[in-house]
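The values are calculated or read from the model by the stated rules, or taken from the named source; none is laboratory data. Computed from a predicted structure; not experimentally measured. Here the Cβ is made from the backbone with ideal geometry for all residues, glycine too, and neighbour counts use every protein chain on show. The accessibility values were calculated without ligands, DNA or RNA, using every heavy atom of the protein model including side chains. Shrake-Rupley method; radii C 1.70, N 1.55, O 1.52, S 1.80 Å.
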Amino acid sequence: MPRVSRNSINSKYIHVITQGIKKEYIFQEDKYKQKYINLLNKFIQDYNSVNILAYCVMDNHTHFLVYTDKINDLSKVMSKLNTSYGMFYNNTTGRVGYVFKNRYYTQEIVDEKHLFNTLAYIHKNPVKAGIVKSESDYKYSSYCNYIEGQIKTEIIKLIFNINDKYNYLDQFYYIHENFS
């Protein structure tokens, strides 16, 4: 079956998922999770059209909530990210071969409710997996960035439709209590 072109994506909001090949734990150690986040931050800087609204790096998969008006730029970021991480992981572990299961998966966000559900779902992933008791206990997601006010104003506007970087927390907590 041929792959579906990402150019057919109509939404600017996208849920991106990557997974280790055969569901392997390719991010099991903290150093691997941190390396993946560092690479993401490095490659995202090259493309102003791609904004990471939320993320979570688990032991065998990742989630990103992305806003982009240039889907080809997202493809470039993900290609660089997963290729670089795969090379790092294989070199570090003495392993060879593919690291990721297929290419990354994308799901269009169709409306505001879907956006809020995805935001909450990404942050609740470690809690649902039984890794931590609270979203704020997991250091490999963007949840703490939100509650500590470390989110760019552009990101706040894209999610909450407000320009005030410091008045989004009530909405943020409401979303996490009532969605996903």
Practice problem: Relative to the compact-globule scaling 2.2 N^0.38 Å, provide the ratio for the alpha-carbon radius of gyration of segment 30-180. | Solution: 1.06
Practice problem: For segment 150-155, just list the computed ³J(HN,Hα) in residue order, Karplus coefficients 6.51, -1.76 and 1.60, θ = phi - 60°, integers in Hz, with x standing in for Gly and Pro. | Solution: 9, 10, 5, 4, 4, 5
Quiz item: When all protein chains stay in place, what accessible area (Å², nearest 10, 1.4 Å probe) is found for THR83?
Solution: 70 Å²
Practice problem: Counting only heavy atoms of the protein chains, get the accessible area per residue of the chain (1.4 Å probe) and round it to a whole Å² value. | Solution: 55 Å²
Quiz item: Once both labels are modelled 7 Å past Cα along the beta-carbon direction, what's the ASN91-TYR173 spacing in nm?
Solution: 4.5 nm
Practice problem: Return the long-range amide H neighbours of ILE109 (sequence gap of 5 or more, or a different chain), with a cut-off of under 5 Å between placed amide H atoms. | Solution: TYR13, ILE14, HIS15
Quiz item: Tell me, what are the semi-axes, in whole angstrom and largest first, of the equivalent ellipsoid of segment 107-180 as set by the roots of 5 times the Cα gyration tensor eigenvalues?
Solution: 20, 16, 10
Quiz item: According to a simple spin-label model (label point 7 Å from Cα along Cα-to-Cβ), what is the distance in nm between LYS70 and LYS22?
Solution: 3.9 nm
Quiz item: Each residue of segment 110-125 in order: what ³J(HN,Hα) in whole Hz does its phi give by Karplus 6.51 cos²θ - 1.76 cosθ + 1.60, θ = phi - 60°, with x for Gly and Pro?
Solution: 9, 7, 5, 4, 5, 4, 5, 4, 5, 4, 5, 4, 4, 6, 7, 3
Self-check item: Gain upon complete extension [ASN10, ARG103; 0.36 nm per residue less C-alpha separation]
Solution: 31.5 nm
Quiz item: Where in segment 138-173 does the label zone of ASN41 land, with the point 7 angstrom along Cα→C-beta and an amide N cut-off under 13 Å?
Solution: 140-142, 145, 150-152
Quiz item: How large is ³J(HN,Hα) for each residue in segment 35-52, as worked out from phi by the Karplus curve 6.51 cos²θ - 1.76 cosθ + 1.60 (θ = phi - 60°), to whole Hz, x for Gly and Pro?
Solution: 4, 5, 5, 4, 5, 4, 4, 5, 6, 5, 5, 6, 9, 5, 7, 10, 10, 8
Self-check item: Members of LYS12/LYS35; LYS22/LYS42; LYS70/LYS124; LYS101/LYS128 lying beyond 24 Å, as alpha-carbon distances in this model show
Solution: LYS12/LYS35; LYS22/LYS42; LYS70/LYS124
Quiz item: By how many nm would the segment from ASN163 to ILE147 lengthen if fully extended, with 0.36 nm per residue of separation less the alpha-carbon distance?
Solution: 4.1 nm
